[in-house]
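Trainee: I have a structure I would like to understand better, so I am pasting it below and will then ask my questions one at a time.
Where a number appears in this text, it was derived from the coordinates with a stated rule and is not lab data. The structure displayed is predicted, hence computed values, not measured ones. A quick note on method: Cβ atoms are made from the backbone with ideal geometry, for glycine too, and the neighbour counts reach across all protein chains shown.
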């Protein structure tokens, strides 16, 4: 029983990670209709930024975490300016290939700069174990869950009440109308990328103490986040979050009870099944984020 | 006269091992190795261009078909002791069957979903290849794959492999030509350029997409089988997403949808880094940037740049 | 027996009923127009009957044969031609190649026959080219036969699409807003073309917003509003129908 509980907690942790990454991806697709293949690299770079701030510079954990978020936020803005702006108006093939190319470039640059050896970044919380009725979990896991909930609540508030957030929602629903009414679509696109990347940075700061950081981590993560976005209904942020949590739990249970080796395949099996059975996603086709 | 030039060119290509031995003594092994790889990658790129450039389906499943053909031939040859003449068609056949099975559900998806679905399939294939250690040897790799032997003919020397590669490339190029011209080619292009209108012209988009996908996958499987017979070793690392990126670079670099363009791209992609002796990671950084720049600036690749002078260059992915 | 019929045709999207229980029939040789305010379901109906959308309810029959939910390419093969609201051509092919594409599936030859390039194949292909040229000529695009279709003007592409739809000699022709977004001269040309088709005995159903065109050439007019058929009859009668007037102006 405690074994199952541990798997579930692990699944929730994984799901939180996937959800934070998938939310950013869904946000990008919802607002600017773009599939960003390099999204996993935001997480990877965020992880290295966190590692550098925490392990190399010796900053306290919360500060290092914020550094990671801020660094990725800035990177997201730069990325939007440098790459995305050039491909926003092009066909999805160009967008897919361009972001795929960026992903490969970033991954290999990371190998050249940081090497292929994974970086372990244990913190006090990831080492400290909480024992709840026979279920042993690292405190860090609770932090991940709590932070994820807080972040999503914040995102929800932002999209409903903040001016920029409302603009993002409006653009996701009807871009042409927004341009006509005077919403600065360029600025909204920029902000969307900054926020999405920042979300990935936050995920990295929260989860890196539990898992290690290595250059290839982005690839599988991107794809699993995509699986969540697709299952959740392309561009629907809440759907993506729900789907991501589901995938995380499914993967953890599969790893524990079916086969550890094939756990990575679970996300795609789920995705392909959903695509075939209900192509509009679990929650149906919706307009806007 | 064109036939004369063709015969002369073909003769020169066949004579390459001797030409290289004469002009670059001591380098023969290395040059032939590069040429063999170029021929294999060229064939693979052509089979991919068929799907992406001519039918217009942005499939990311190609590495899986390459891998399926490779593993089938490798395992049949090492564990089943099948002769090459049987292992090769088995590889092609399995790849074709899987392409058929996968294609049916995949083509019900549109655009992004299709790309993602094929990518998911490629990932699953890679995960299985890596983890089904009992069957595929996983990261321990399939080793000791025998050199091809067809009757009395044994392909064991570099020149022999070169001719095998050349013959493969010639055959694939011929197939590519045949499939992309005449009525069939026009049907493919109609589906690629305007699927809705193609249907109004009585052309069944699903049938032609499936045809391109299965043939492309089958050829990829064949190249996989030939590849392992040359290299002698097969590891799951051969079927990564990187291969899709490499193929995309090849076809975009040279000119998507054109025989000459794709071959130029494959040659540039394979031969250049050998010449430059780049470290693999730097190589991928350069390729990534190159692909990024090319796909944004000149989606037709080199061919397009050459043809830009004419009034209407071909713009497969233009906005 | 009507050449083409729908019975209770219904199509819904995301809670909106775009086509609501529409019954219509077109006899062979008729020239019928389908009109209605924006959003009344005309193009959706077209897409349902030509196989691009599957209706939620109802039946579509062509020459007495049930073609409900049949795929678009099969319906085209049965002898139904159509044009699209947003003009659609194969941009990289020349005008004449565009036309030839529409005929190729209709030319039955065995693979072996084609490989051997039998004289029969050659004759068929020559006949196809001949037909394409004469169609291009009849729409005034003969001079542009070898020019890539993507470089033609909007009006020219419209005429090209029209000619292409005619290539396989369809019995029923569905034209989606043939007079939209083209200058008055071309509109007259289009009207003349449609009248010529009618004289040849072809059956034409067109969707159109341009009332002058509708009133001028139609034998019969069907009016849709909010997905439902609200009126039907000769042009002069329909134009005065109070329900029609209200549909267009009463909102």
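Trainee: Need the C-alpha centroid separation for segment B:108-143 versus segment B:241-265, integer Å.
Mentor: Here the two parts' Cα centres lie 22 Å apart.
Trainee: Roughly how crowded by other chains is peptide C:61-73, in terms of the mean Cβ count from those chains within 10 Å of each of its Cβ atoms?
Mentor: Details: counts 0, 0, 0, 0, 0, 0, 0, 0, 0, 0, 4, 10, 11.
Mean partner shielding for this stretch: 2.
Trainee: Partner chain Cβ atoms within 10 Å, averaged over the residues of B:248-259 - can you pull that number for me?
Mentor: Neighbouring Cβ atoms belonging to other protein chains average 1 per residue here.
Trainee: Same structure again: Among C:190, B:210, C:215, which comes first, then next, by fewest other beta-carbon atoms within 10 Å?
Mentor: Details: C:190 24, B:210 19, C:215 16.
So the residues, fewest neighbours to most, are C:215, B:210, C:190.
Trainee: Taking chain B as a Gaussian network, where each spring joins two C-alpha atoms under 10 Å apart, which residue of B:150, B:223, B:214 fluctuates the most?
Mentor: Fluctuation is largest for B:150.
Trainee: Counting only C-alpha contacts under 8 Å and six or more residues apart, can you give the relative contact order of segment C:13-146 as a whole percent?
Mentor: On the way: 83 pairs, mean separation 21.1, N = 134.
The value is 16 percent.
Trainee: In the protein assembly as shown, what % of DSSP beta bridges are antiparallel (nearest 5)?
Mentor: Of all bridge pairs located within the protein assembly as shown, approximately 65 percent are antiparallel.
Trainee: Pick from A:48, A:79, A:260: which is most flexible by mean-square fluctuation in a GNM of chain A where alpha carbon atoms under 10 Å apart are linked?
Mentor: A:260
Trainee: Taking only DSSP H segments of four or more residues, each worth -39500 (n - 2.57), what value at 222 nm results for chain A once the sum is divided by all its residues, to the nearest 500 deg cm²/dmol?
Mentor: Details: 12 runs with 206 residues, N = 289.
That calculation yields -24000 deg cm²/dmol at 222 nm.
Trainee: Among A:105, A:13, A:222, which one moves the most in a GNM of chain A with springs linking Cα atoms closer than 10 Å?
Mentor: A:105
Trainee: Decide, for the protein assembly as shown, between rounded, prolate and oblate: order the square roots of the alpha carbon gyration tensor eigenvalues as a ≥ b ≥ c, take rounded if a/c falls under 1.5, and otherwise choose prolate if a/b is larger than b/c, else oblate. Intermediate values should be presented prior to the final figure.
Mentor: Working: a/c = 2.08, a/b = 1.24, b/c = 1.67.
Oblate, because a/c is 1.5 or more while a/b does not exceed b/c.
Trainee: Further question: Per residue of A:81-88, how many C-beta atoms from partner chains lie within 10 Å of its own C-beta, taken as a mean?
Mentor: Values: counts 0, 1, 2, 0, 0, 5, 4, 1.
Whole-number average of other-chain Cβ neighbours for A:81-88 is 2.
Trainee: So if I take the centroid of the Cα atoms in segment C:220-251 and the same for segment B:1-73, what is the distance between those two points in Å?
Mentor: If we compute the Cα centre of each part, the gap is 66 Å.
Trainee: For B:58, B:247, C:86, what ranking results if the residue with the fewest other Cβ atoms within 10 Å of its Cβ goes first?
Mentor: Values: B:58 20, B:247 27, C:86 10.
Least to most surrounded, the residues fall as C:86, B:58, B:247.
Trainee: Take the alpha-carbon centre of segment A:81-159, take the same for segment A:180-211, and report the distance between them in whole Å.
Mentor: 11
Trainee: Of A:135, B:233, C:87, how do they rank once you tally other Cβ atoms within 10 Å and put the fewest first?
Mentor: Listed from fewest to most nearby Cβ atoms, that is B:233, A:135, C:87.
Trainee: Looking at the square roots a ≥ b ≥ c of the eigenvalues of the Cα gyration tensor of segment B:119-224, which shape do they give, rounded for a/c under 1.5, prolate if a/b is larger than b/c, or oblate? Before the final figure, lay out each step's value.
Mentor: On the way: a/c = 4.11, a/b = 1.50, b/c = 2.74.
Oblate, since a/c reaches 1.5 and b/c is not below a/b.
Trainee: Let me have the 222 nm mean residue ellipticity of chain B computed from DSSP H runs of 4+ only, each contributing -39500 (n - 2.57), with the sum over all residues rounded to the nearest 500.
Mentor: Details: 15 runs with 233 residues, N = 319.
Using -39500 (n - 2.57) per qualifying helix, the result is -24000 deg cm²/dmol.
Trainee: Also: Going by a ≥ b ≥ c, the root eigenvalues of the Cα gyration tensor, does segment C:34-193 fall in the rounded group (a/c under 1.5), the prolate group (a/b larger than b/c) or the oblate group?
Mentor: Numbers: a/c = 2.34, a/b = 1.18, b/c = 1.98.
Here segment C:34-193 falls in the oblate category.
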